[in-house]
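The values are calculated or read from the model by the stated rules, or taken from the named source; none is laboratory data. What you see is a predicted model; the values in this text were computed from it and never measured. Here the Cβ positions follow ideal geometry from the backbone for every residue, glycine too, while neighbour counts run over all protein chains shown.
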Amino acid sequence: MKQKKNQTSLNKFVRSIFWENRKKILSLFQDIVYNDTCVGIYPGDTCLGKGVLTMAFGVSTDIGIDLGTASILVYIKGKGVVLKEPSVVAYDRNTNEIKAIGEEARMMIGRTPGNIVAIRPLKQGVIADYTITEKMIRYFIQKAIGKRTFRKPRICVCVPSQITEVERKAVEDATFNAGAREVYLVEEPLAAAIGAGIDITKPCGNMIVDIGGGTTDVAVISLAGTVVSESIKVAGDDFNEAIVRYMRKKHNLLIGERTGEEIKIKIGTCYPRQEELAIDVRGRNLVTGLPKTVTITSEETLEALSESANQIVEAVHMVLEKTPPELAADISDRGIVLTGGGALLTGLEQLLEERLGITTMTAEEPTTCVAVGTGKYIEVMNSIRD
């Protein structure tokens, strides 16, 4: 009994010593891991190598984040895309307390009481609300890699191609404050090209059209750099808003953003379909104020989306006009690659081919291309330097 009591006292003493000196001990382990040193507690002990410590403490991770207006994707080296959630945050405006983040918050849009607001802290590819964006990034990092990480991760974040220095600094600071050890920024078209499996290091012209939620980035890439680029604030969210406006104007029906997105996904098109589709849409009648159901066809969505789609075509045309002739010849041979969630809009490939006369194709996994490319960017840049 006495021996057990003494053992308990000894355990408490050891724990107290560790707690008082925890920073020095953790710093020592960090140096061991960083320098890949082999250490034993006593002479002749089995050494603790980098692999053991990595397993025990979850050491440094390389993370790629597609910080999109509509959704956030997190890519972890060796694991692929581990998280994909809407970039929506619900908070109490009276107490500034975060109520929900991601999919749970998205379900609250248009359904919250007066004191709770569900917002998108990123607008058209840049930070609109710094404090909430920082909290959102921290939440997604912890959800992707866990809270018990031994070393802070290196994080690569994608940004629109024509972002200002102030906007770049805001993204860097928010990511650092969210828990990054090092922060790298990569332009979206470059990340999309890497994610689509294109070898960007070759002296060959590749055109990428990345259609996200808030921005469309068009770029010609060669030798791991951007030769010509254009970024317009017309993308997936504008398609949704165009459908909402059309329903209000043509049918006197008020619908929400989520309903507009559902219409776009199910029957939306920017090029005439061979087979016409139709769905029932529920909303509020603007004349009577009562709930109403209207049937809308794919031909009507063509009318609603034509203006936004034409703006994207014009942006691509503008970049082609500025492209050096040798690279333009490469693009004519290799075609245009579409990435991003907006690339899934029916008829976009056909519209670009008809208007520009260049073969257009959509990447295999357009929604995850940017996240994958962002995660692989550090490796690609290191291989070029080597």
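General remarks:
- Elements of the type strands (runs of 3 or more DSSP E) sitting completely within the stretch 85-161 and holding at least 2 residues that are in contact (Cβ under 8 Å) with a residue 40 or more places away in the chain: these cover 89-92, 154-159.
- Here I132, I145 are screened, and the one residue that is touching a Pro at 6+ places or on another chain (Cβ under 8 Å) and either in the same structural domain as A235 (by TED's automatic domain parsing) or farther than 27 Å from S231 by Cβ (or both) is I145.
- Spans of strands (runs of 3 or more DSSP E) in the stretch 236-339 with at least 2 residues of a type outside the set (D, E, K, R), surrounded by 18 or more Cβ atoms within 10 Å (Cβ to Cβ) and touching a Ser or Thr at 6+ places or on another chain (Cβ under 7 Å): 278-285, 336-339
- The set of residues in the stretch 213-235 that are in contact with a Ser or Thr (Cβ under 6 Å, 6 or more places away or on another chain) and not hydroxyl-bearing (S, T, Y) comprises G213, G214, D217, A219, V220, A224, V228, I232, K233, V234, A235.
- Odd one out for C204 among (1) within 30 Å of V319 (Cβ to Cβ); (2) in the same structural domain as N96 (by TED's automatic domain parsing); (3) surrounded by 15 or more Cβ atoms within 10 Å (Cβ to Cβ): (2)
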